[in-house]
Amino acid sequence: MMFVLLAAGGFGFWLARRPVGADKCEIRASNTKFVIQLPADTTFALSGPVGSTVVSIKDRAARVVRSDCPRKLCVRMGEITRPGQVIICVPNQVVVQLVGEELDAITR
């Protein structure tokens, strides 16, 4: 019984100490999907129906820095840093999403 408790405690300690966050950034544009392993430091432009959308990735965060869309909501979204967060530029048909493991809670 004591072994099971020690093993469970060790697993919980390991789970609490390992890095949690985005492992990759998925970008979809014009029926093309790009996957970028994180951490990364890159900026590139994607063409869409209304012009260009510039996506910047730095460390484990992503943001749209410039877009030719009319309302620029994708630019105003700012930086995303956690798995599951998404930036969408509907007029240019660009989707930027961080993917990885996210823990809801850790019990100590």
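Just one residue in the set V94, V90, V86, V54 is out of contact with any strand residue (DSSP E or B) (no Cβ under 8 Å at 6 or more places or on another chain) and aliphatic (A, V, I, L, M); that residue is V90. Scanning the stretch 30-54 for residues that are in contact with a Ser or Thr (Cβ under 7 Å, 6 or more places away or on another chain), of a type in the set (A, V, I, L, M, F, W, C) and within 10 Å of C89 (Cβ to Cβ) turns up just one, L46.
Might you check whether a residue that is surrounded by fewer than 12 Cβ atoms within 10 Å (Cβ to Cβ), under 23 Å from the mean Cα position of the chain (by Cα), modelled with pLDDT of 95 or more and basic (K, R) occurs anywhere in the stretch 56-68? No, that holds for no residue.
The values are calculated or read from the model by the stated rules, or taken from the named source; none is laboratory data. Source: prediction; values computed, not measured. Neighbour counts run over all protein chains shown; Cβ positions are idealised from the backbone, glycine included.
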